[in-house]
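Reviewing the structure listed below.
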Amino acid sequence: MLAILKKELKSYFTSFIGYCVIAIFYFFSALYFYVINLKMSNSSLSGVFGSMVLWIVLITALMTMRLLSEEKKNKTDQLLMTSPMSLTSIVIGKYLASILLYFICMAIFFVYGLVIMSCGTSLVWSEFFGNFIGMLLLGATFLSIGIFFSSVTENQIIAVVCSLGTGIFWLLVESLFQNMAVVSKFIKYISFTSRYTNFTHGILNFADIFFFVSVSALFVFLTVKVLDRKRWS
């Protein structure tokens, strides 16, 4: 698993994807930071975190589109199928590599926090870490969705579109079904937006953490099952 993790993390930076993802994340987060915090003298980074949510859907889709679809396209997936490593180790190794790259993107928020403090303004760290952990869990969930769609198709464009569509739908699902009283409670329960909102107030709710971890684990499990089925087909 560690070998796969190192290989995939290295591959991000031997191609344009890693640099492209980091550049997109840093550019737009810096833009929001300037407008929301520096220009308006606002000490809360919640606005910047919230503004980056839709960009994270795109970024995570780009990060995962090639993880398994490229293996199928280049016909190297057979090497994975016959590898002495378990399929679970391979999938988790690839998944953790994408999470590490995502964490590198997220690390810029600590710089923004230090900039705010250097301006003589106090930073509410409970709110900061609530937003940070919430966005980390949200991104990890989108990454698990992305790696799943990367496993079902060799076309990277299809993988990106499916990941984007699923991510955006899950963010907007509560708004789409808000007038349907019959399913409103269930929809709120599975809504990413509803679950993420608590984190923005600095509230670390175990149920919300468990929800995101469970959804991530589910899609990683489904990815393993997709590969396992192909191994025996």
### Task
From (1) exposed (fewer than 14 other Cβ atoms within 10 Å of the Cβ); (2) more than 25 Å from I203 (Cα to Cα), pick out the condition that doesn't hold for L114.
(2)
#### Entry: Contacts under 8 angstrom Cβ, first residue in segment 6-19 being on the phi < 0 side of the Ramachandran plot, partner modelled with pLDDT of 85 or more and exposed (fewer than 12 other Cβ atoms within 10 Å of the Cβ), 6 or more apart
F13/Y19
### Task
Search segment 209-229 for residues being under 19 Å from G130 (Cβ atoms) and free of Cβ contacts under 8 Å to residues at least 40 places away in the same chain, and hand back the single one that is surrounded by the fewest Cβ atoms within 10 Å (Cβ to Cβ).
F210
### Summary
When restricted to G139, G113, the only residue touching a helix residue (DSSP H, G or I) at 6+ places or on another chain (Cβ under 7 Å), at pLDDT below 95 and in a helix (DSSP H, G or I) is G113
### Query
Residues in segment 1-24 that are among the small types (G, A, S), part of a helix (DSSP H, G or I) and modelled with pLDDT under 85: how many?
1
### Summary
Those residues of segment 180-201 that are at pLDDT below 70 and among the polar types (S, T, N, Q) come to a total of 1
### Enumeration of residues in segment 141-173 that are out of contact with any Phe, Trp or Tyr (no Cβ under 7 Å at 6 or more places or on another chain), closer than 19 Å to T193 by Cα and in contact (Cβ under 8 Å) with a residue 60 or more places away in the chain
F142, G146, L164, I168
### Summary
S122: passes all of (1) of a type in the set (S, T, Y); (2) within 30 Å of I4 (Cα to Cα); (3) outside any helix (DSSP H, G or I) but (2)
### Task
Being part of a helix (DSSP H, G or I) and over 19 Å from the mean Cα position of the chain (by Cα) is the filter; apply it to segment 208-233 and report the residue that is modelled with the highest pLDDT.
K225
### Query
Is it the case that Y32 is modelled with pLDDT of 95 or more and touching a Ser or Thr at 6+ places or on another chain (Cβ under 8 Å)?
yes
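The values are calculated or read from the model by the stated rules, or taken from the named source; none is laboratory data. Every value quoted in this text rests on a predicted model; they were computed, and no experiment measured them. Every residue, glycine among them, receives a Cβ derived from its backbone with ideal geometry; neighbour counts consider all protein chains shown.
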